[in-house]
Amino acid sequence: MGRAMKVLFASSECHPFLKTGGLGDVAWALPRSLREWGTDVRVILPKYGTIPPSFQEKMRHVTDFTVTVGYRRQFCGVEELTMEGITYYFIDNMYYFDREGAYGYMDDGERFSFFSLAVIECMERIGFVPDVLHCNDWHTALIPLLLPVKYSWIHAYQKIRTVLTIHNLKFQGVFPREVLGDLLGIGDSVMRDDGVEFYGQVNFLKGGINYAQAVTTVSPTYAREIRYPFYGEGLHGLMERISYKFSGILNGIDIEENDPASDPFLPAHYSLTHRSGKKECKRALQCEVGLPQKDVPLLAIISRLTDQKGLDLVAQTLDELLQKELQLVVVGTGDARYEEMFHSFAARYPQKVSSQIRFDRALAQRVYAGADFMLVPSRFEPCGLTQMVAMRYGTVPIVRETGGLADTVIPYNKFTGQGLGFTFMNYDPQDFKGAVERALETYANKEAFEGIQESDMRADHSWGASAKKYLALYEKITQME
């Protein structure tokens, strides 16, 4: 037996310390699965001021040093916390990270330049120089570029191989060209198309895509889609050009945390073999969100309320759909116009629509368990976890065939009884409405509907298979000269 492969997973967020989206889930679940395959994997992220005190109190100070960010000399502390067998490192700098939220500040370019420099400069100091440094999204995409361009003189780092995972190509980290000198202390030599240059500005994500030994995204279909202009966010040509090192590996979900047999947030538990608890969860949910306790199809949306999520299709069809016997519960926050839209529908149809405009994980879990159908009509969806969690709870997804939605939801065939949900192809309100109507028809046939629920609960969306693919990728790039 050789030594365990060493992997450092660099991320701007990680559940349960801080999570704004799917990246936080991945940074938590993928390392745990990799560890089960015998990998020595550790996670590094910023020490945000909003990390719950219960975690901060258990952190141990490892080291501190100074990081040069352009002309500024910034304090950098490293704290350590081991949880469930995984070591987490936290980069500590109150000036950059002691804020209300993780992103959305004028100096985000500087904050994550500092974080990227700190990740590289702390590795020798904490005694963990990995074989593979796995970076995620634009916040850490500079690392694959900085290692050879700025830190090639450090002998211990010369064999590190880098992987960059794109969780959402829409967010690229584009800043004025001055950041190269002012923040990173590197010259203009990387202002090229095979570097960071993007219409005269610096694109952090593009730099990582060009310099990483391997680039992945979070589903095979999204990997194909982003080679085309509609999905490519201005980088479709680059994605086509680097296809030799680019692949899509589907995300999984944490099946221990999302388990209707043990979920602590549910009023009743159930499983594939004992499903009666799901009906109890539905009645309790209807009561909790103020809907009548009736046996009608209960549809749900658990989502950020943004254009990406296909909510304009819902806006154009909901009045018509609400003429049918159904109920809808919405949980999420986002664009004001969508928040107001769902409040308006709830006011006009109080017996049919419940608008829960907040992020409430406990409520979200009860909605996964209590709903009959989950609506995910996204314009684009790199992977999507909502549909996978819904299936785990026996809640049938209604999705648009894009990205990870297309990879995980096999369309239901009423003639064979096979399939996992209801899908539509074109980004069109009538196609969306058609998929919902097919779902409602099938709900009326209890035997057919329960057959889909059973298939959904049997589907395996755990991290095991995906972790194995990442491990094969790591092994491939560490053998490269």
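The values are calculated or read from the model by the stated rules, or taken from the named source; none is laboratory data. Here the structure is a predicted model, which means the values were calculated and not measured. All Cβ positions, even for glycine, are placed from backbone atoms using ideal geometry, and neighbour counts span all protein chains on display.
Listing for the model above:
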item	result
Members of the range 260-312 that are part of a loop (DSSP other than H, G, I, E, B), within 14 Å of V329 (Cβ to Cβ) and small (G, A, S)	G290, S303
Counted residues, the range 39-57 - those being loosely packed, with under 15 Cβ neighbours inside 10 Å and touching a residue at least 24 places away in the same chain (Cβ under 8 Å)	3
Set Y443, Y412, Y393: member being over 25 Å from G332 (Cβ atoms) and surrounded by 15 or more Cβ atoms within 10 Å (Cβ to Cβ)	Y412
Odd one out for F449 among (1) out of contact with any helix residue (DSSP H, G or I) (no Cβ under 8 Å at 6 or more places or on another chain); (2) modelled with pLDDT of 95 or more; (3) not charged (D, E, K, R)	(1)
Residue match in the range 232-248 (condition: among the charged types (D, E, K, R), under 30 Å from T162 (Cβ atoms) and not in a helix (DSSP H, G or I))	yes
Only listed residue being more than 26 Å from the chain's Cα centre (by Cα), over 28 Å from Q430 (Cα atoms), surrounded by fewer than 19 Cβ atoms within 10 Å (Cβ to Cβ) and of a type in the set (K, R), chosen from K279, K294	K279
Filter result for G173 (under 29 Å from M106 (Cβ atoms), touching a residue at least 60 places away in the same chain (Cβ under 8 Å) and surrounded by fewer than 22 Cβ atoms within 10 Å (Cβ to Cβ))	no
Selection within the range 415-430 - over 26 Å from R392 (Cβ atoms) and surrounded by 17 or more Cβ atoms within 10 Å (Cβ to Cβ)	Y427, P429
T63 vs. criteria among the polar types (S, T, N, Q), over 19 Å from L471 (Cα atoms) and more than 19 Å from the chain's Cα centre (by Cα)	yes
Of all residues in the range 341-390 being crowded, with 20+ Cβ neighbours inside 10 Å and acidic (D, E), the one that is farthest from F265 (Cα to Cα)	E381
Selection status of Y71, assigned by TED's automatic domain parsing to the domain that holds H15 and either touching a residue at least 60 places away in the same chain (Cβ under 8 Å) or of a type in the set (S, T, N, Q) (or both)	yes
Residues being touching a helix residue (DSSP H, G or I) at 6+ places or on another chain (Cβ under 6 Å) and assigned to a strand (DSSP E or B) - total across the range 160-201	5
All positions within the range 212-229 that are closer than 20 Å to Q308 by Cβ, within 21 Å of the chain's Cα centre (by Cα) and not in a strand (DSSP E or B)	V218, S219, P220, T221, Y222, A223, R224, E225, I226, R227
Which listed residue is of a type outside the set (K, R) and under 25 Å from E256 (Cα atoms), from T416, T442, T395	T395
Some residue of the range 181-189 being surrounded by 23 or more Cβ atoms within 10 Å (Cβ to Cβ), at pLDDT below 95, of a type outside the set (V, I, T) and out of contact with any strand residue (DSSP E or B) (no Cβ under 6 Å at 6 or more places or on another chain)	yes
Filter result (closer than 14 Å to T165 by Cβ and touching a helix residue (DSSP H, G or I) at 6+ places or on another chain (Cβ under 8 Å)) within the range 14-40	C14, L23, L30, L34
Count - residues of the range 19-38 that are β-branched (V, I, T) and surrounded by fewer than 16 Cβ atoms within 10 Å (Cβ to Cβ)	1
Lone qualifier among R125, R111 - being buried (at least 21 other Cβ atoms within 10 Å of the Cβ) and in a helix (DSSP H, G or I)	R111
Subset tally (residues that are touching a strand residue (DSSP E or B) at 6+ places or on another chain (Cβ under 7 Å), assigned to a strand (DSSP E or B) and under 21 Å from A29 (Cβ atoms)) for the range 46-97	8
Residue tally, condition over 23 Å from E80 (Cα atoms) and either hydroxyl-bearing (S, T, Y) or outside the structural domain of A472 (by TED's automatic domain parsing) (or both), over the range 124-178	3
A448 vs. criteria part of a helix (DSSP H, G or I), surrounded by fewer than 19 Cβ atoms within 10 Å (Cβ to Cβ) and touching a Ser or Thr at 6+ places or on another chain (Cβ under 6 Å)	yes
Hits in the range 84-106 (condition: free of Cβ contacts under 8 Å to residues at least 12 places away in the same chain and either surrounded by 13 or more Cβ atoms within 10 Å (Cβ to Cβ) or of a type in the set (K, R) (or both))	Y105
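Residue by residue, here is whether (1) assigned to a loop (DSSP other than H, G, I, E, B); (2) aliphatic (A, V, I, L, M); (3) at pLDDT below 95 holds:
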{"residue": "V314", "(1), (2), (3)": "no, yes, no"}
{"residue": "T317", "(1), (2), (3)": "no, no, no"}
{"residue": "E325", "(1), (2), (3)": "yes, no, no"}
{"residue": "A347", "(1), (2), (3)": "no, yes, no"}
{"residue": "A364", "(1), (2), (3)": "no, yes, no"}
{"residue": "V367", "(1), (2), (3)": "no, yes, no"}
{"residue": "G384", "(1), (2), (3)": "yes, no, yes"}
{"residue": "A390", "(1), (2), (3)": "no, yes, no"}
{"residue": "I398", "(1), (2), (3)": "no, yes, no"}
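Here is a yes/no grid of residues against (1) outside the structural domain of Q453 (by TED's automatic domain parsing); (2) touching a Phe, Trp or Tyr at 6+ places or on another chain (Cβ under 8 Å); (3) within 19 Å of M391 (Cα to Cα):
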position	(1), (2), (3)
D259	yes, no, yes
P292	no, no, no
S303	no, no, yes
D312	no, no, no
E339	no, no, no
